[in-house]
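First comes the structure, then the notes that go with it.
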Number of protein chains: 2
Amino acid sequence: MNYCSHCGGEITTVIPEGDNRLRYVCTQCSTIHYQNPKIVAGCLPVYQNQILLCQRAIHPRAGYWTLPAGFMELNETTQQAAARETWEEACATVEIDKLYTLFNLPHINQVYLIFLAQLPQPIFSPGEESLSAELFTEETIPWDNLAFPTITKTLQYYFSDLKQQQFTFRTIDIAPHASYQQVK
Amino acid sequence: MNYCSHCGGEITTVIPEGDNRLRYVCTQCSTIHYQNPKIVAGCLPVYQNQILLCQRAIHPRAGYWTLPAGFMELNETTQQAAARETWEEACATVEIDKLYTLFNLPHINQVYLIFLAQLPQPIFSPGEESLSAELFTEETIPWDNLAFPTITKTLQYYFSDLKQQQFTFRTIDIAPHASYQQVK
């Protein structure tokens, strides 16, 4: 950050009075520009015994497979964000169920929220940010070509919980430099 | 937003190519400045049959009582944010347990995450942003002087769940203009 988005003045980094950490502060109008983590919201869309995945058309991890998920926008709920991303990436209308996984990714300042969801009809197609959208069983999921550890772990939890028929909400911390390889 | 924080150029609002909503975009360097909701992380600190609350010294809702909570910072997990806020607002060291409530507040672009927590020792004092910090039982909680609906609802759920000895995670949407009065 170099310039104040409010007045165009130059930015400096100082610890404001009453604060305890360095902030971007305008040298001209004194506006403090706070920075905060972002929420990535998505879902795990279930149709019968299959899961809907999208193959990413964009960076990062283009060509790899993911659950539909993306940055939460202003003026929406986390469930609305998860449903919107599913519509945008897979042209699919889902019924959002409960929150299933929360991932902390402090090294990239993201919090992932993945909801369980039902896909009532097998109607989908790749959105603008996807190369393809497909339904997979546990056996056919491209486990070695999943885009992010958050996706791999959520799918692993799902199939494990499916055997018990009890879907437990989990909070998981993902360390920096986490491997993109599945740990089976 | 008037000026680009990157180059100082003037900002316009346009729908970028491949996007579907208005964004702040720099007329000079074309940087897109996305805006996203913020996470407020906090906890419900339990010491025996009492809950630790703080009386707010700052706006909004100065003078009203709250669970320790505040904006999540960069490079921390949601649990670390909840524990840090408890330290800053009540000078108390807590052991964070599980996520208990998630509130969507789309009208103010916040997502509240409140964790259950244990306060191992009754050691606390008001931090810089608090007028006081005190332990309350269900009967002594200042129900009519709680700061936010998120706090009132979380406390109501807690004492209801306590009777069943089963603490269920809940996702709640808070509508705009929600009353600050408790609905008993």
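At a glance:
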| item | result |
| --- | --- |
| Three-way shape call for segment A:38-182 based on the alpha-carbon gyration tensor, with the a/c threshold at 1.5 | rounded |
| Cβ-placed point charges (K, R +1; D, E -1), dipole of chain A about Cα centre in debye, nearest 20 | 420 |
| Backbone HN-Hα couplings from phi across segment B:10-16 [Karplus 6.51/-1.76/1.60, Hz, Gly and Pro as x] | 6, 9, 10, 10, 9, 8, x |
| Copy-to-copy label separations for A:Glu95, where each label sits 7 Å from Cα toward Cβ, in nm and ascending | 4.1 |
| Electrostatic dipole magnitude of the protein assembly as shown [Cβ: Lys, Arg +1; Asp, Glu -1; Cα centre; debye, to 20] | 260 |
| Listing of segment A:1-35 residues, each with accessible area lower by at least 50 Å² in the full protein assembly than in the chain alone (probe 1.4 Å) | A:Tyr3, A:Ser5, A:Arg21 |
| Order by protection proxy (mean Cβ within 10 Å, highest first), peptides A:57-67, A:164-174, B:39-49 | B:39-49, A:57-67, A:164-174 |
| Estimated [θ] at 222 nm from DSSP helical runs (n ≥ 4, -39500 (n - 2.57)) normalised by residues in the protein assembly as shown, nearest 500 | -5000 deg cm²/dmol |
| Other-copy label distances relative to B:Arg61, 7 angstrom Cα-Cβ extension, nm | 3.6 |
| Cys residues of chain B counted as unpaired, since no other Cys beta-carbon is under 4.7 Å | B:Cys43, B:Cys54, B:Cys91 |
| Share of Cα-Cα pairs in the protein assembly as shown lying beyond 29 Å, as whole percent | 47 |
| Between segment A:1-65 and segment B:56-111, the alpha-carbon center distance in angstrom | 19 |
| Cβ-based charge dipole, segment B:38-182, positive-most Cα from B:Thr140, B:Gln55, B:Ile39 | B:Ile39 |
| Mean Cα-pair separation over length for chain A, i.e. relative contact order, pairs under 8 Å, 6 or more apart, % | 21 |
| Too-long pairs where the Cα-Cα distance tops 30 Å, listed order kept, from A:Lys38/B:Lys163; A:Lys163/B:Lys38; A:Lys153/B:Lys38; B:Lys98/B:Lys163; A:Lys98/B:Lys163; A:Lys153/B:Lys153 | A:Lys38/B:Lys163; A:Lys163/B:Lys38; A:Lys153/B:Lys153 |
| For B:74-81, mean number of other protein chain Cβ atoms within 10 Å | 6 |
| Protein accessible area in segment A:38-184, 1.4 Å probe - carbon and sulfur % | 51 |
| Other protein chain Cβ atoms within 10 Å, averaged over every residue that makes up A:38-44 | 2 |
| Solvent-accessible area per residue, Å², over the protein assembly as shown with all protein chains present [probe radius 1.4 Å] | 49 |
| Chains A and B, summed buried accessible surface - 1.4 Å probe, Å², nearest 100 | 3500 |
| Degrees between helix B:78-90 axis and first principal axis of chain B (Cα, 0 to 90, nearest 10) | 60 |
| Positive-pole candidate from A:Ile11, A:Pro120, B:Val111, dipole of the protein assembly as shown, charges at beta carbon | A:Pro120 |
| Per-residue mean of C-beta atoms belonging to partner chains within 10 Å, peptide B:66-73 | 2 |
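The values are calculated or read from the model by the stated rules, or taken from the named source; none is laboratory data. In this text the structure is predicted, and so the values were computed from the model without any measurement. We place every Cβ from the backbone using ideal geometry, glycine too, and count neighbours over all the protein chains shown. Just so you know, the surface numbers come from the protein's heavy atoms only, side chains and all, with ligands and any DNA or RNA stripped out. Shrake-Rupley method; radii C 1.70, N 1.55, O 1.52, S 1.80 Å.
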